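Below: one structure, written as structure tokens.
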Amino acid sequence: MLFGKNKKIIDLISLQIKNDFAGFFDYCEADFKEIEKALFVEIINKERYIIEHYSVFNKKLNEFIKKEINTIFDMQNELNIKFKQKIWQEAKAILKQYVNSTIEEYKEKVNEIIDALFRPYDSKEKELLKNRFKVDLYDIDALILVAEEKSMTRKDKPEVQYQRRSLYISVFSLIVSIVSIILSVVGISGKK
């Protein structure tokens, strides 16, 4: 259980994921309408038509998960803090929960369309088609690692690079000044 600042961060992440998944489900709704066209239009190979939609959904969902992980990393940068392990565990759990419920809702809706699309005595074909629905999800942990590496190697803005370079030059100048003072003091005491 997270409290205080960590709880607020998780609430922010949760709200972001919820809103983004609502947008993603708008895409799914549009996809359902496309699949439903098969109910009213004569499609020669209905099975292939639906399987193609499964495939597109699978690809879009994986792209969306990647984007969502990057969004969470961007939040980390905007808040200017590094999320603790506990926060990432909570964020992953929330993300997985939304992913699973999206898959279930999509599957349920498409199965309804399949039931309406096939005649009652085509039950074998219906079941075969329903069983073709498999979502090959990317490994969310691996995606987080990739996003983490990208965020570490992400180039700074030119003004940040300039500030950093100026800081290095100032520090170097200070070191040179200190060394020259030490050498001059050592030189003076050596002459005595």
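The values are calculated or read from the model by the stated rules, or taken from the named source; none is laboratory data. Not measured: the values here are computed from a predicted model. Note that each Cβ is placed from the backbone with ideal geometry, even for glycine, and that neighbours are counted across all protein chains shown.
Some points to look at:
- From the list V99, V110, V160, V146, the one residue that fits, being modelled with pLDDT of 75 or more and surrounded by fewer than 16 Cβ atoms within 10 Å (Cβ to Cβ), is V146.
- Total residues in region 73-93, condition part of a helix (DSSP H, G or I), surrounded by fewer than 18 Cβ atoms within 10 Å (Cβ to Cβ) and among the aliphatic types (A, V, I, L, M): 3
- Entry remark, region 40-87: residues being in contact (Cβ under 8 Å) with a residue 60 or more places away in the chain and within 20 Å of I114 (Cβ to Cβ) number 8 in total.
- Test result for I81, assigned by TED's automatic domain parsing to the domain that holds E127, closer than 20 Å to K134 by Cβ, at pLDDT below 85 and not aromatic (F, W, Y): no
- The set of residues from region 30-59 being surrounded by fewer than 12 Cβ atoms within 10 Å (Cβ to Cβ) and under 30 Å from E90 (Cβ atoms) comprises just one member, K59.
- In the set (1) modelled with pLDDT of 80 or more; (2) farther than 24 Å from K66 by Cα; (3) surrounded by 11 or more Cβ atoms within 10 Å (Cβ to Cβ), the condition left unmet by S123 is number (1).
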